[in-house]
Amino acid sequence: QRLALDQVLFAPMYLTTFYTTVLTLEGHLSKVPDKLRNELWSSLKANWMLWVPVQFATFRYIPMRFQVLWVNCFGLAWNGYLSLTSHR
């Protein structure tokens, strides 16, 4: 239930905020609507393909003492992906 709530509500808001913030800080506020139209859906699908299995495994199989390390490893890769998509 937490996983579904996170992915359905938080992920779209996070991705929208991420792309809007990056473009605004780079001085390209006018490009935000096009970026969201072109990248949001594909980024959301990629988010679901990565984070749903990662979070499922985290809560089901990964010992609590390793959960932060486990999630941070995937978070590093995810941030690299977002950086690439925000600059294409």
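Things worth noting here:
- If only residues of the range 36-70 that are open to solvent by 50 Å² or more (accessible area, probe 1.4 Å) and of a type in the set (Val, Ile, Thr) are counted, the one that is farthest from Leu3 (Cα to Cα) is Val68.
- Number of positions in the range 7-35 that are under 16 Å from the mean Cα position of the chain (by Cα) and open to solvent by 40 Å² or more (accessible area, probe 1.4 Å): 10
The values are calculated or read from the model by the stated rules, or taken from the named source; none is laboratory data. No experiment lies behind these values; they were computed from the predicted model shown. The protein model used for the area step is the full one, side chains on, heavy atoms only, and it has no ligands, DNA or RNA in it. Shrake-Rupley method; radii C 1.70, N 1.55, O 1.52, S 1.80 Å.
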